[in-house]
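The values are calculated or read from the model by the stated rules, or taken from the named source; none is laboratory data. Everything quoted here is computed from the prediction, not taken from an experiment. With ideal geometry, Cβ positions are generated from the backbone for all residues, glycine too; neighbour counts draw on all protein chains shown. Areas reflect the complete protein model, heavy atoms only, side chains present, ligands, DNA and RNA absent. Shrake-Rupley method; radii C 1.70, N 1.55, O 1.52, S 1.80 Å.
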Amino acid sequence: MENIKIIVAGPRGRMGKEAVKLVQDTAGFELAAVLDRKYEGENLSNIEGFQGIDAPVFTDAEQCFSAVEADVLIDLTTPEVGMFHSTAALRHGIRPVVGTTGFSPEDLETLSALTEEKGIGCIIAPNFAIGAILMMKFSQMAARYFQDVEIIELHHDQKLDAPSGTAVKTADMIKNIRDPKVQGHANEKEILAGARGANVDGMRIHSVRLPGLIAHQQVMFGADGQMLTIRHDSFNRASFMSGVKLAVEAVVKLQVLVYGLENIME
Ligand code: NAP
């Protein structure tokens, strides 16, 4: 079988660095190019931290996708840039695997329409940590029996979007299982705006941002006389890479947009 040729966007980022390493270290994966904000025309091997990794650096997505023969784009940048890269990649017949978080429902619709038009796959995964996917699945199971739920997501203080894509996704998965419910007291009043967190169908999402954290989430279910807490912690960015690998291997066989790694896991 031929190697899967991959472009990594955001290679100097915390996630991007791990993704470059993953591509380098995985049999059957080949780094075709990287898409960065700087170092146009350089070779990645000349950039600090990437010695010995041979790949051309592009700063212009259109130019990169036209010049490089690639099967998959792994995007780990920012929401605006990630959306631009993903639409451009699909137009060039390159399948995006997007870890960048903060895509809107409209963005997903646009990408979904493009995948259908082009007949090629795209995976958007707000969380690549397999343990986090299981945390979401277990939460969805628990929501059959526990109607009251609060989600607390905790991330490092450089995260741009809140709440996290994983928290929104968890709430969406629970929404599909339980009946809508206004939680807390009917006459509840916020003395300070935001005290009760974001409201998704009556569920509350609370976002904590602190240095030292990576990516953590706990889903708390309360009922008479009992509480169930389902928690997942990512302690480093390597924790996401087994999910990236799974997504790259899956996207080359897909013809549609898949949102969420859980949809490609058994
Ligand atoms: P980060 O360290 O800030 O890295 C982002 C990288 O993107 C930076 O190197 C930045 O370059 C680069 N970039 C910005 N604009 C670009 C452009 N136009 N072209 C190419 N590269 C560009 O962030 P991170 O922690 O790696 O996270 C990246 C994304 O992944 C975020 O959206 C984050 O929420 C998400 N994330 C997802 C998962 C998951 O499991 N799905 C897990 C963790 C993080 P500069 O340094 O020059 O600005």
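Can you spot a residue in the stretch 100-123 that is under 19 Å from residue 217 (Cα atoms) and of a type outside the set (Gly, Ala, Ser)?
Going through the stretch 100-123, the residues under 19 Å from residue 217 (Cα atoms) turn out to be 100-102.
Then keep just the ones that are of a type outside the set (Gly, Ala, Ser); that gives 100-101.
Yes, the stretch 100-123 contains at least one residue that is under 19 Å from residue 217 (Cα atoms) and of a type outside the set (Gly, Ala, Ser).
Hey, among the residues in the stretch 74-85 that are over 14 Å from residue 15 (Cα atoms) and hydrophobic (A, V, I, L, M, F, W, C), which one's least open to solvent (accessible area, probe 1.4 Å)?
Among them, the one singled out is 83.
Out of the residues in the stretch 150-187 that are more than 13 Å from the ligand (Cβ to nearest atom), basic (Lys, Arg) and buried (at least 16 other Cβ atoms within 10 Å of the Cβ), state the one that is farthest from residue 136 (Cα to Cα).
Top of the filtered list is 178.
Return the total of residues in the stretch 2-50 being in a strand (DSSP E or B), touching a residue at least 24 places away in the same chain (Cβ under 8 Å) and more than 10 Å from the ligand (Cβ to nearest atom).
The first filter runs over the stretch 2-50 and keeps only residues in a strand (DSSP E or B), leaving 4-9, 29-35, 43.
Those still in the list that are touching a residue at least 24 places away in the same chain (Cβ under 8 Å) too: 4-9, 29-35.
Cutting the leftovers down to more than 10 Å from the ligand (Cβ to nearest atom) gives us 4-7, 29-33.
Residues flagged as in a strand (DSSP E or B), touching a residue at least 24 places away in the same chain (Cβ under 8 Å) and more than 10 Å from the ligand (Cβ to nearest atom) within the stretch 2-50 amount to 9.
If I go through the stretch 188-222 residue by residue, how many of them are over 27 Å from residue 76 (Cβ atoms), of a type in the set (A, V, I, L, M, F, W, C) and either surrounded by 10 or more Cβ atoms within 10 Å (Cβ to Cβ) or under 18 Å from the mean Cα position of the chain (by Cα) (or both)?
Number of matching residues: 4.
Could you tell me which residue of the stretch 51-61 is farthest from the ligand (Cβ to nearest atom), considering only residues that are part of a loop (DSSP other than H, G, I, E, B) and either buried (at least 18 other Cβ atoms within 10 Å of the Cβ) or not acidic (Asp, Glu) (or both)?
Initially, the stretch 51-61 is screened for residues part of a loop (DSSP other than H, G, I, E, B), giving 51-55, 59-60.
So of that shortlist, the ones also either buried (at least 18 other Cβ atoms within 10 Å of the Cβ) or not acidic (Asp, Glu) (or both) come out as 51-53, 55, 59.
Numbers: 51: 18, 52: 20, 53: 16, 55: 14, 59: 7 Å.
Here the answer is 52.
I want to confirm something. Restricting to the stretch 151-172 and keeping residues that are touching a residue at least 60 places away in the same chain (Cβ under 8 Å) and of a type outside the set (Val, Ile, Thr), which single residue is farthest from residue 211 (Cα to Cα)?
Of everything passing the filter in the stretch 151-172, 169 is farthest from residue 211 (Cα to Cα).
Please list, ordered by first then second residue, the pairs with beta carbon atoms under 8 Å, 6 or more apart or interchain, first in the stretch 228-239 and free of Cβ contacts under 8 Å to residues at least 60 places away in the same chain and of a type outside the set (D, E, K, R), second assigned to a strand (DSSP E or B) and open to solvent by less than 60 Å² (accessible area, probe 1.4 Å).
Close Cβ pairs satisfying both conditions: 229/218; 229/219; 229/220; 229/221.
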